[in-house]
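*Asks:* Structure in structure tokens, see below.
Just so it is clear, none of the values below were taken in a lab; they were calculated from the coordinates. Everything numeric here is computed off the predicted structure, so don't read it as measured data. Here the Cβ is made from the backbone with ideal geometry for all residues, glycine too, and neighbour counts use every protein chain on show.
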Amino acid sequence: MGVLPVDNLFLNALEDNLSNEAPLAERMRPLSLSEFEEQSTIVGPGTLLRRSIETDSIQSIILYGPPGSGKTTLARIIARLTRSRFATISAVMAGVADLRRVIEEARELRAHYGQKTILFIDEIHRFNKSQQDALLPAVESGLITLIGSTTENPMFSVIRPLLSRTRLYRLTSLSDQAIIRILRRSLSDKERGLGKFPVEIEPDAVTYLARAANGDARSALNYLELAVLTSPPDENGTREISLTVVQEASQRHVPGYNKSDEHYDVISAFIKSMRGSDPQAALYWLARLIYAGESVEFISRRIIIHACEDVGLADPQALVQAVSAAQAASMVGFPEAKIILAQAAIYISLAPKSNSVVKAIDRAMEAVEKERANPVPPHLKDASYPGAASLGHGANYKYPHNYPDHWVKQQYLPEGLENRIFYEPSGQGEERKTKK
């Protein structure tokens, strides 16, 4: 079943948090707005969202943020405080039939008891367009108050009509200091946390856990719990948690992407750093791409495109370097490919910059799109087949190699575009030689 009423899921889950069987991250979830202090910019005292929750007048919202930032926790707090029926759907499991069922139940509750319905859809980005379309009328009419959560940019993953009927709240990755506070709290909490275990943890170990979690409180708590539970107590009953222990528990975590659209953000930063002629930043973002598991082919394609878009004819060797690097990196693979990609990124970062090629082809494309497609001038038409000459094809064509310097003045553009300028050299690098 894709849909569960709140009393079978959210409220029971809140009680289960207190069970010793639940993972530490579940047990330590904030149960009230006062405990939910790490996202104070959107739900702190006096904020619009906080007031709407406290007055039970919440409208349709989408909670957008990376894993472990508190989206589901906030939804559970709302479930505890609202007088509305609170239903929940996992977009991974539910379909249109599940949506229709909860909408029909909402209609009956409104008609017979005057009770409102709040529907929480976890991972709403997993719903396709038809599923989101099925939800739209109920949200538009106010029959359903929607709370959607997503780790993906809703501007790309949620249909525009649904976006226009909801308010977007962005939850941010938690800071290292915020995660350290959460870890310390879990170590001292005897009811819900690890306070019943005498634990001595090195300060460097706590700091490492916070950094390894990369803004994800759930991951940090999972790492800590594993470290504590797998460390045997000494003769005094104390569990000693060293930096080495937490490194093992977190699998020596290397920061990757903590949300899907960060893939695009990091590659954007990489490209803009090369465009901005900053080899230090380009190398850093390249390392982030490599550590995140991006393929040689993906990174190589971006370097090749950048070599044409932002260097172009200011240094024609940039494209040669980029293509050669792509071929060489593909041949050797990681880890050695990182050196080849780094060389190409540094070369392009240091190369003179010009976007004259991009502007030139854009002007030509615009002319083709917006202006009349005049015929090819007769002297440029194909004259290679029998009878072409009788049609005037190729007549009066001047073969450039028969002229001094292998150049002769001749019309190549069609009628109406004779004097049109598409390519204008930038005057940068090698283009200085061609700029008149």
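*Asks:* From the convex hull of the Cα coordinates of the stretch 262-350, what is the mean projected area in square nanometres? Before the final figure, lay out the partial values.
*Replies:* Values: hull surface 18.6 nm².
The directionally averaged projection comes out at 4.7 nm².
*Asks:* Would you kindly state how much longer the chain becomes between residue 40 and residue 251 on full extension, computed as 0.36 nm times their sequence separation minus their alpha carbon distance, in nm to one decimal?
*Replies:* Details: separation 211, 0.36 × 211 = 75.96 nm, distance 3.11 nm.
So the extension gain works out to 72.9 nm.
*Asks:* Give me log10 I(q)/I(0) at q = 0.10, 0.18 Å⁻¹ for the stretch 48-146, Debye formula, one equal scatterer per alpha-carbon, no solvent.
*Replies:* Results for the stretch 48-146 at q = 0.10, 0.18 Å⁻¹ read -0.26, -0.87.
*Asks:* Starting from the Kirkwood Rh over alpha-carbon pairs, what translational D in µm² s⁻¹ does the stretch 84-199 have by Stokes-Einstein at 20 °C and 1.002 mPa s? Could you put the intermediate results ahead of the total?
*Replies:* Working: Rh = 16.5 Å.
The calculation lands on 130 µm²/s.
*Asks:* Highest mean first, what order results for 146-155, 191-200 on Cβ atoms within 10 Å? List each step's numbers first, then the result.
*Replies:* Numbers: 146-155: 21.1, 191-200: 15.7.
Result, highest mean Cβ count within 10 Å first: 146-155, 191-200.
*Asks:* Same structure, new question: Quick one: if you stick a label point 7 Å off each Cα along the C-beta vector at residue 395 and residue 264, how many nm between them?
*Replies:* 5.5 nm
*Asks:* Moving on to the next point. Can you classify the stretch 3-170 as rounded, prolate or oblate using the Cα gyration tensor, where a ≥ b ≥ c are the square roots of its eigenvalues, rounded means a/c under 1.5, and otherwise it's prolate if a/b beats b/c and oblate if not? Numbers along the way, then the final one.
*Replies:* On the way: a/c = 1.39, a/b = 1.27, b/c = 1.09.
Because its axes are fairly even, with a/c under 1.5, the stretch 3-170 counts as rounded.
*Asks:* Next question, about the same structure. Roughly what would the spin-label model give for residue 129 and residue 167, points 7 Å off Cα along C-beta, in nm?
*Replies:* Label-label distance for residue 129 and residue 167, simple model: 3.0 nm.
*Asks:* Express the C-alpha Rg of the stretch 120-162 as a ratio against the empirical globular expectation 2.2 N^0.38 Å, rounded to two decimals.
*Replies:* Expressed relative to 2.2 N^0.38 Å, the Cα Rg reads 1.06.
*Asks:* Determine the gain in length on full extension of the stretch residue 421-residue 280; use 0.36 nm per residue of separation and subtract their C-alpha separation, reporting nm with one decimal.
*Replies:* Details: separation 141, 0.36 × 141 = 50.76 nm, distance 3.75 nm.
The span from residue 421 to residue 280 would gain 47.0 nm if fully extended.
*Asks:* Taking the Cβ-Cβ separation of residue 54 and residue 361 as r and a Förster radius of 51 Å, what is the calculated FRET efficiency to the nearest 0.05?
*Replies:* Details: r = 57 Å, r/R0 = 1.11.
The formula returns an efficiency of 0.35 here.
*Asks:* For a test of the definition: using alpha carbon positions, the gyration tensor, and the 1.5 limit on a/c, classify the stretch 202-319 as rounded, prolate or oblate.
*Replies:* Details: a/c = 4.08, a/b = 3.56, b/c = 1.15.
Taking the square roots of the gyration eigenvalues as a ≥ b ≥ c, the stretch 202-319 is prolate.
*Asks:* Using only the Cα atoms of the stretch 228-387, what semi-axes does the equivalent ellipsoid have when each is the square root of 5 times a gyration tensor eigenvalue? Give whole Å, largest first. Intermediate results must be reported in sequence, preceding the final value.
*Replies:* Values: eigenvalues 525, 54, 48 Å².
So the three semi-axes of the stretch 228-387 are 51, 16, 15 Å.
*Asks:* Using a Förster distance of 60 angstrom, determine the FRET efficiency expected from the C-beta separation of residue 403 and residue 336, and round it to 0.05. It would help to have the intermediate numbers written out before the result.
*Replies:* Values: r = 51 Å, r/R0 = 0.84.
That pair, residue 403 with residue 336, gives E of 0.75.
*Asks:* In nm, give the distance between the simple-model label positions of residue 202 and residue 384, each being 7 Å from the Cα along the Cα-to-Cβ direction.
*Replies:* So the label points at residue 202 and residue 384 sit 7.3 nm apart.
*Asks:* Would you report the distance distribution of C-alpha pairs in the chain as whole percents per 20 angstrom bin, up to the bin with the largest distance?
*Replies:* 19, 36, 29, 12, 3, 0
*Asks:* How large is the Rg to Rh ratio of the stretch 372-433 when both quantities use alpha carbon positions and Rh follows Kirkwood? Intermediate results must be reported in sequence, preceding the final value.
*Replies:* Numbers: Rg = 15.6 Å, Rh = 14.2 Å.
Using only Cα positions, Rg/Rh for the stretch 372-433 is 1.09.
*Asks:* Which value results for Rg/Rh of the stretch 310-411 when Rg is the Cα radius of gyration and Rh the Kirkwood radius based on the inverse mean 1/r? It would help to have the intermediate numbers written out before the result.
*Replies:* Numbers: Rg = 21.7 Å, Rh = 18.1 Å.
On the Cα set of the stretch 310-411, Rg over Rh gives 1.20.
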